[in-house]
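Q: I have a structure here, written as structure tokens, and I will follow up with some questions on it.
Nothing in this text is a laboratory measurement; each read-out follows from the coordinates by a stated rule. Keep in mind the model is a prediction, meaning the values are calculated, not measured. Glycine also receives a Cβ, built like all others from the backbone with ideal geometry; neighbour counts cover every protein chain displayed.
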Amino acid sequence: MSEFDLSTGLFGELDRLQREMSNLFSGFPSSIRSSRPGAFPPINIGTTDDSVEIVAFAPGMDAKAFDVTIDKGLLTISGERRRFNQAERDAKSYAQERFVGAFRRAIELPTHVDPSNVQARYANGCLCISIGKRESSKPRAISVQ
């Protein structure tokens, strides 16, 4: 018997083939700074004139569940994401897309940040970390004589 199911039509089979190819190659990073697929929590990193801004997307967690540290230029976010409720614990799952368990993400910080000037807050499912830049690295205007 053929692996193809043409009862859904040729376009349905092409769509299925494209999904399988995407899944096959999804494990390869798109750039040297890419993380592994499915890493939790997903993270965005940006910069302003005054700080480096890091947002970790972790809905359904408590602020006390995070452990955030900076040591030798490495920001580490770790913790544990627990199951949502008792019914989820008792159920036999056949599909699971929500990550559950211990996690740890490490981010190498630029040398121009000031590790003594850090603020972290958790709101609306996002852990927002702001790390100030050293005064010497901030942009400044220079007057021409």
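Q: So which chymotrypsin sites (Phe, Trp or Tyr not before Pro) in segment 62-145 are both in a DSSP loop and have at most 11 other Cβ atoms within 10 Å of their Cβ? Mind showing how you got there, number by number?
A: Working: sites: PHE66, PHE84, TYR94, PHE99, PHE103, TYR122; in loops: PHE84, TYR94, PHE99.
Here the chymotrypsin sites (Phe, Trp or Tyr not before Pro) that fit, given the DSSP loop and packing criteria, are PHE84, TYR94.
Q: Another question, if that's okay. Using a Förster radius of 30 Å, what is the FRET efficiency between SER116 and ALA141 based on their Cβ-Cβ separation? Nearest 0.05, please.
A: Working: r = 26 Å, r/R0 = 0.86.
With R0 = 30 Å, the Cβ-Cβ based efficiency is 0.70.
Q: Of all GluC sites (Glu not before Pro) in segment 40-131, which ones are in loop regions per DSSP and have a Cβ with at most 15 other Cβ atoms within 10 Å? Walk me through the numbers before you get to the answer.
A: Working: sites: GLU53, GLU80, GLU88, GLU97, GLU108; in loops: GLU97.
Sites meeting the loop and neighbour criteria: GLU97.
Q: Quick check: Cα centre of segment 40-102 to Cα centre of segment 108-145, how many Å?
A: Taking the Cα centre of each part, segment 40-102 and segment 108-145 sit 22 Å apart.
Q: Take CYS126 and THR47, extend 7 Å from each Cα along the Cα→Cβ direction, and tell me the distance between the two endpoints in nm.
A: 2.0 nm
Q: For LYS72, go through the lysines and keep the ones whose alpha-carbon is under 20 Å away, minus same-chain ones fewer than eight residues off.
A: Of all the lysines, those that pass the test against LYS72 - Cα under 20 Å, at least 8 places apart if same chain - are LYS133.
Q: What would the Debye equation give as log₁₀ I(q)/I(0) for segment 33-136 at q = 0.14, 0.16, 0.21 Å⁻¹, counting only Cα atoms as equal point scatterers?
A: -0.59, -0.74, -1.14
Q: Right, another one. So if R0 is 35 Å, what FRET efficiency would ARG19 and ALA65 give, r being the distance between their Cβ atoms, rounded to the nearest 0.05? Let's see the in-between values first.
A: On the way: r = 34 Å, r/R0 = 0.97.
Once the sixth-power term is evaluated, E becomes 0.55.
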